[in-house]
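Since every read-out is calculated from the coordinates, none of them should be taken as a lab result. The shown structure was predicted, so the numbers you read here are calculated from the model rather than taken from an experiment. Using ideal geometry, Cβ is built from the backbone for each residue, glycine included, and neighbour counts are taken over all protein chains shown.
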Amino acid sequence: MSWHACFGTVAEAGGATAPAPSAGEPLTVSAVAPNPTASRAVVALAVAAPTDVRAVVYDMLGRQVVVALDGPVSAAAEVAVDVAGLSAGTYVLRLTGAGAAVSRTFTVAR
């Protein structure tokens with residue numbers, strides 16, 4: 001199953017890179033890879049139960065620059081963010097869903 005969003009994609013993960021849901025954690029998220037990146041950043045996530053997940057990239061001034069995902073996730077998935085149009089710098093990818101929020105920082109290099 002694939003799902004396309006503005007500037008990003010999400011696909012059911014094959015299990016190799018997706019983190020296993022932690023006991024008591026409704027949303028588990030891997031580190032952003034590669035980091036630093038120049039064109040595409042990927043994060044793997046897992047949810048304990050099907051839920052809507054929102055993944056948003058913010059710059060260091062707190063401005064929303066990319067909505068990578070805004071929709072249903074049923075198990076493990078990978079979110080790919082196209083960062084080719086972003087300026088070099090540090091960004092925060094914030095994922096929310098299932099009553100939880102997780103943030104990961106990453107760097108765009110040119």
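ALA48 to ASP82: FRET efficiency via 1/(1 + (r/R0)^6), r the Cβ-Cβ distance, R0 41 Å, to the nearest 0.05?
Efficiency computed from Cβ-Cβ geometry: 0.90.
Which FRET efficiency value, to the nearest 0.05, do you get for ALA101 and ALA38 by plugging their Cβ-Cβ distance into 1/(1 + (r/R0)^6) with R0 = 25 Å?
The formula returns an efficiency of 0.35 here.
Any chance you could run the full-extension gain for VAL92 through ALA31? It's 0.36 nm times the residue separation minus the Cα-Cα distance, nm to one decimal.
Details: separation 61, 0.36 × 61 = 21.96 nm, distance 1.15 nm.
That works out to 20.8 nm of additional length.
Of all the Cα-Cα pairs you can form in the range 46-110, what percent are over 20 Å apart?
The share of Cα pairs beyond 20 Å in the range 46-110 comes to 27 percent.
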